[in-house]
1. Only residues in the stretch 59-79 that are charged (D, E, K, R) count as the first member; pair them with residues that are assigned to a strand (DSSP E or B), Cβ under 9 angstrom, at least 6 apart or cross-chain, and list the lot.
2. If the requirement is being over 14 Å from LEU37 (Cα atoms), in contact with a Gly (Cβ under 7 Å, 6 or more places away or on another chain) and either modelled with pLDDT under 95 or of a type in the set (A, V, I, L, M, F, W, C) (or both), which of these qualifies: LEU122, LEU127, LEU116, LEU71?
3. Using beta carbons and a limit of 6 Å, which pairs, at least six apart or on different chains, have the first residue in the stretch 83-107 and more than 25 Å from TYR158 (Cα to Cα) and the second one in a loop (DSSP other than H, G, I, E, B)?
4. Does the stretch 91-108 include one or more residues that are out of contact with any Asp or Glu (no Cβ under 7 Å at 6 or more places or on another chain), surrounded by 14 or more Cβ atoms within 10 Å (Cβ to Cβ), more than 22 Å from MET167 (Cβ to Cβ) and not aromatic (Phe, Trp, Tyr)?
5. For the stretch 49-82, enumerate the residues that are assigned to a loop (DSSP other than H, G, I, E, B) and under 17 Å from the mean Cα position of the chain (by Cα).
6. Can you pull out the residues in the stretch 175-196 that are touching a residue at least 60 places away in the same chain (Cβ under 8 Å) and either loosely packed, with under 10 Cβ neighbours inside 10 Å or over 18 Å from GLN6 (Cβ atoms) (or both)?
7. How do the pairs read when you match residues in the stretch 129-140 that are within 17 Å of LEU153 (Cβ to Cβ) with residues anywhere that are part of a loop (DSSP other than H, G, I, E, B) and among the charged types (D, E, K, R), using Cβ under 8 Å and keeping only pairs 6 or more apart or on different chains?
8. Do we find a residue being surrounded by fewer than 19 Cβ atoms within 10 Å (Cβ to Cβ), touching a residue at least 24 places away in the same chain (Cβ under 8 Å) and closer than 21 Å to PHE168 by Cα anywhere in the stretch 34-45?
Amino acid sequence: MELFKQIPLYRFLALCNESGMEKSILDCGAGGDTPPLSLFANYGYSTYGTEMNVEQMNRANQFAAERGQNLNIHQGDMRQLAINDESMSFVYSYNSIFHMKKQDVKEAINELKRVLKPGGLLFVNFLTLKDFRVGDGVDLGEHQYEQIEDDELVIHSYYDYDEADSMFSDMELIYKEDRVLERKFEGEWIRQGFIDYIYKK
């Protein structure tokens, strides 16, 4: 079976498998060359994805088509999901939700919670102030910056250890990890900081 590089989602998959809930899952920010929804499809999940960028959406659907999968990834905005209340057992946003201003992140989190079934699990991760890019680019205040990524201007929002907690005060914390990884990127050593959360509704 194919291995996916989005390693933290394997923990989420294991918890989803153990939950006993119906296997429906939504990925917010579902595009890219190796869409992790494919991993969940391999384990029998009904998959749904939303992706704002049409090119990234097409890449993900091409990946799925080559494997005989239909991941149901459509163009959309995670701040306004065209999905019914409490209709998904599991929802996640991996390496995606921090590509907007913090006010927009709050709106998106509220949408992710809205579509999640009672007892369902939510995985989301944020960039932290330990990241090597903090301070680069145009400063928008509150550790929000416009930065160049893949030759495009994008927003990155960075969070301290407890900053995002209040957005989930109505949920039960299952798992939280503050992680820093160092890796070579285009010949340079870089340091990336993330906080991963898994919550239960």
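1. ASP77/THR50
2. Values: LEU122 fails: in contact with a Gly (Cβ under 7 Å, 6 or more places away or on another chain); LEU116 fails: in contact with a Gly (Cβ under 7 Å, 6 or more places away or on another chain); LEU71 fails: over 14 Å from LEU37 (Cα atoms).
Unique residue meeting the criteria: LEU127.
3. Matching pairs, first to second residue: SER89/MET21; SER89/GLU22.
4. no
5. Restricting attention to the stretch 49-82, the residues satisfying the condition of being assigned to a loop (DSSP other than H, G, I, E, B) are 52-53, 67-72, 76, 78-79, 81-82.
MET52, ASN53, LEU71, ASN72, GLY76, MET78, ARG79, LEU81 - these are the residues of the stretch 49-82 that are assigned to a loop (DSSP other than H, G, I, E, B) and under 17 Å from the mean Cα position of the chain (by Cα).
6. Step one: list which residues in the stretch 175-196 are touching a residue at least 60 places away in the same chain (Cβ under 8 Å), which gives 175, 177, 191-196.
Listed by number, the list holds a single entry, ARG191.
7. LEU140/LYS101
8. No: the stretch 34-45 contains no residue that is surrounded by fewer than 19 Cβ atoms within 10 Å (Cβ to Cβ), touching a residue at least 24 places away in the same chain (Cβ under 8 Å) and closer than 21 Å to PHE168 by Cα.
The values are calculated or read from the model by the stated rules, or taken from the named source; none is laboratory data. Bear in mind the structure is a predicted one, so any value in this text is a computation, not a measurement. Counting neighbours? That spans all protein chains shown, and the Cβs are built from the backbone with ideal geometry, glycine included.
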